[in-house]
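All remarks here apply to the structure that follows.
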Amino acid sequence: MQRRNVILISSADGNTMLMCKRRKSPDEGLFSFIGGSVEQEEDGTAAAYRILEAEAGISLKVVQLQHIMDITYYQQDCCLEIYAGRIQGETKVWGMENELLWMGLHEDFYNEEVFAGGGNIWYITEYVKKATDIFK
């Protein structure tokens, strides 16, 4: 089964979350979470930190990730591993592959004309809001 991770990062004040605007297919031009493929024998948490640093320049020195949940898509033979964490202090982010921006939590994350994931961004964000304290 293919494993991918999805990473929600909250700003230090908990009022915004880091999103990326995809520059390539699939989902070119749409906003989504940072994420990527987990190698076959790779630990999911290690993969999340590796991808977060590669995609946004954020290291484990400034964020502690929590493994929140997994979502398995049996028809697509894919499992999404969901991680979340809050940035500690002032941290500069950068994205070489995708444009990065801090987005408020009041967006309509279910809007498929703006956000990738077929409603999953809304679902995952709402779950993380209720299950953790990274957005306060």
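What to note about this one:
- Taken over the range 22-50, residues that are in contact with a helix residue (DSSP H, G or I) (Cβ under 9 Å, 6 or more places away or on another chain), surrounded by fewer than 18 Cβ atoms within 10 Å (Cβ to Cβ) and either part of a loop (DSSP other than H, G, I, E, B) or among the acidic types (Asp, Glu) (or both) amount to 2.
- Residue in the range 90-113 that is modelled with pLDDT of 95 or more, closer than 15 Å to ARG4 by Cα and outside any loop (DSSP other than H, G, I, E, B) present: no
- Filter result for GLY119 (under 14 Å from VAL6 (Cβ atoms), modelled with pLDDT under 95 and surrounded by fewer than 14 Cβ atoms within 10 Å (Cβ to Cβ)): yes
- Across the range 79-100, the qualifying residues are those that are exposed (fewer than 14 other Cβ atoms within 10 Å of the Cβ) and of a type outside the set (Asp, Glu), and the one among them that is nearest to ASP133 (Cα to Cα) is GLN88.
- The requirement of being loosely packed, with under 14 Cβ neighbours inside 10 Å, at negative phi, without any contact (Cβ under 8 Å) to a residue 60 or more places away in the chain and not polar (S, T, N, Q) is fulfilled somewhere in the range 57-65, by at least one residue.
- When ILE71 is tested against (1) buried (at least 17 other Cβ atoms within 10 Å of the Cβ); (2) under 19 Å from SER37 (Cβ atoms); (3) touching a Leu at 6+ places or on another chain (Cβ under 7 Å), just one condition goes unmet, and that condition is (1).
- Which numbered condition ARG86 misses (of (1) more than 24 Å from GLN2 (Cβ to Cβ); (2) assigned to a loop (DSSP other than H, G, I, E, B)): (2)
The values are calculated or read from the model by the stated rules, or taken from the named source; none is laboratory data. All values derive from a computational prediction rather than experimental measurement. Neighbour counts run over all protein chains shown; Cβ positions are idealised from the backbone, glycine included.
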